[in-house]
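Visitor: Can you keep this structure in mind? I'll have questions shortly.
Readers should treat all values here as calculations from the given coordinates under stated rules, not as data from a laboratory. Everything numeric in this text was worked out from a predicted model, so none of it was measured. Neighbour counts are summed over all protein chains in view; Cβ atoms, including those assigned to glycine, are modelled from backbone coordinates with ideal geometry.
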Amino acid sequence: MNDKQNRFLTLRAEGLSYDAIAKELKISKPTLMQWSKLFEAEIKDLQFESFLQIKEAYSWSVKTKYETTLKQLNKIDDAILKADLTSSNIKDLFTIKNSLLFQLEAIEKKISVDAKIKQSDDFGNVERLRLKLSEAE
């Protein structure tokens, strides 16, 4: 595989059109279409890797948001315990706490794994159970 073919793979995996690639590489569109068929697996691999990187970046931000929300919740709990109920508006702290709990619940609902438990009914149907993050201790 030569340099132009490598560059073609990268550009095609990024979603550029044959016309745009033809202009950049100064290669005919029919040739690019042949390369596309010839290197179809490589293009798909590059696309997969690119999307995997995006997914990993998103997952990290969800993890960070989850950690931050838990830290905020701990601060709210500390403030509630330390609050002088005669002089402060505790209602606001409880409102914030409930909002944070709701955010955590929403994140936890999205995260689940296959449990190592299988359940069969009387007819032999097997059900695999999923474990949600909110159910783990």
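Visitor: Would you kindly derive the ³J(HN,Hα) couplings of the range 36-43 from the backbone phi angles with the Karplus curve 6.51 cos²θ - 1.76 cosθ + 1.60 (θ = phi - 60°), listing them in order in whole Hz, with x for Gly and Pro?
Guide: Computed from phi, the couplings for the range 36-43 are 4, 5, 5, 10, 4, 5, 5, 5 Hz.
Visitor: Something else now. Measuring from label point to label point, each 7 Å out along Cα→Cβ, what is the LYS37 to LYS110 span in nm?
Guide: Label-label distance for LYS37 and LYS110, simple model: 4.2 nm.
Visitor: What ranking do SER99, SER59 get, fewest neighbouring Cβ atoms within 10 angstrom at the top?
Guide: On the way: SER99 14, SER59 11.
Ascending number of Cβ neighbours within 10 Å: SER59, SER99.
Visitor: Using R₀ = 22 Å, calculate the FRET efficiency as 1/(1 + (r/R₀)^6) where r is the Cβ-Cβ separation of GLU67 and LEU93; round to 0.05. Can you show the working numbers first?
Guide: Numbers: r = 21 Å, r/R0 = 0.95.
Here the calculated transfer efficiency is 0.55.
Visitor: In terms of Cα to Cα distance under 20 Å, which lysines are near enough to LYS37, apart from those fewer than 8 places away along the same chain?
Guide: By straight Cα distance, LYS37 reaches LYS4, LYS23, LYS26, LYS29.
Visitor: When the Karplus curve 6.51 cos²θ - 1.76 cosθ + 1.60 is applied with θ = phi - 60°, which whole-Hz ³J(HN,Hα) does each residue of the range 70-80 get, with x for Gly and Pro?
Guide: 5, 5, 4, 4, 4, 5, 5, 4, 4, 5, 5
Visitor: Would you list, by chain and number, the lysines whose Cα falls below 19 Å from the Cα of LYS65, excluding same-chain residues fewer than 8 positions away?
Guide: Straight-line reach from LYS65, under 19 Å: LYS55, LYS75, LYS97, LYS109, LYS110, LYS132.
Visitor: Which trypsin sites (Lys or Arg not before Pro) in the range 1-76 sit in a loop by DSSP (not H, G, I, E or B) and have at most 14 other Cβ atoms within 10 Å of their own Cβ? Please list the in-between numbers first.
Guide: Details: sites: LYS4, ARG7, ARG12, LYS23, LYS26, LYS37, LYS44, LYS55, LYS63, LYS65, LYS71, LYS75; in loops: LYS26.
Sparse-neighbourhood loop trypsin sites (Lys or Arg not before Pro): LYS26.
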